[in-house]
């Protein structure tokens, strides 16, 4: 029987290595993240809740991530509704936030920003699944069309108090830059982790998920096939967490990793693995 990752899996938090903790802290606070905890070397943010969603970590040996290397393309923050998307975009525009683009992806409407150190950020809302273009084989059509900005902003309520990200906001997906979309990458994500390939976008990006979602993880080669790996001490993505619904689901994953001969670490009940481009993934259990 083919292994499939827990269909109730959700992403938890993303951890970034930064060059300036203070600059990045100010940026993300202004963007609407709520400060949960901080130290001289780390800042932990929530997004409308007390659950960590973004961790910023600084170290003395950090170097700027070289251009056109592998790593983070963007991390994507999912808000609960179109009204919430209008609320976020309207308020951030008033603050002159550095939007870099927007797009209608058929299943979602998204706006993009870049932080002061070049990390990509997406803020988006999903359309109902009944409106997704799902094919007979389970694949999901996607595109990048002009976003209906006027339609979204017609829902902006200027009387609604600005408190940052609304309750119910989560880390919706991770989008990575990789060296190649090859059999090694497919074996890792589709066989060892048990994700489903939902979209192969023009043979340049894979969109993969659990439980029928349009994508929890995307991987693209838009920096060029054979893009070099970023140095291990470069700024940018350190790891991100994936939350499974039970210990049983975590044990099934561990067994499949062993059978697929993928190495992993176990630390305090968490399963830590690196993808073929050395992006860290931390699998944990809900309410563990």
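Each value in this text was obtained by applying a stated rule to the coordinates, not by laboratory testing. As the structure is a prediction and not an experimental result, all values here were calculated from the model. When we count neighbours, we look across all protein chains shown, and the Cβ atoms used for this are built from the backbone with ideal geometry, even at glycine.
Protection proxy ranking for 206-216, 165-175, 60-70, using the average of other Cβ atoms within 10 Å per residue and placing the highest first: 206-216, 165-175, 60-70.
On a per residue basis, the convex hull of the C-alpha atoms belonging to the stretch 65-183 measures out at 134 Å³. Take the Cα radius of gyration of the chain and divide it by 2.2 N^0.38 Å, N being the number of residues; the result is 0.97. The Rg/Rh ratio of the stretch 1-119, with Rg taken over Cα atoms and Rh as the Kirkwood radius over Cα pairs, comes to 0.99.
Under a Gaussian network description of the chain, with springs only between Cα atoms under 10 Å, the residue in 225, 140, 272 that fluctuates furthest is 225. For the stretch 161-288, the alpha carbon positions stretch 49, 39, 34 Å along the principal axes, listed from largest to smallest. Comparing 49, 183, 108 in a Gaussian network model of the chain, where Cα atoms under 10 Å apart are tied by springs, the biggest mean-square fluctuation is seen for 183. For a quick check, take a GNM of the chain with Cα springs below 10 Å and name the residue from 251, 220, 200 with the largest mean-square fluctuation. Result for the chain, Cα springs under 10 Å: 251 fluctuates most.
Relative contact order for the chain: 25 percent, from Cα pairs under 8 Å spaced at least 6 residues apart, divided by residue count. Is the stretch 69-126 rounded, prolate or oblate when judged by the Cα gyration tensor, a ≥ b ≥ c being the square roots of its eigenvalues, rounded requiring a/c under 1.5 and prolate requiring a/b larger than b/c? In terms of gyration-tensor shape, oblate. A straight line joining the Cα centroids of the stretch 74-153 and the stretch 1-51 runs 19 Å. Summarising the strand pairing of the chain, around 70 percent of its internal DSSP beta bridges are antiparallel. Across the stretch 121-230 the C-alpha pair distances fall into 5 Å bins from zero in the proportions 2, 9, 17, 20, 18, 13, 10, 6, 4, 1, 0 percent. Placing R0 at 30 angstrom, the Cβ-Cβ distance between residue 129 and residue 180 gives a FRET efficiency of 0.45 after rounding to 0.05.
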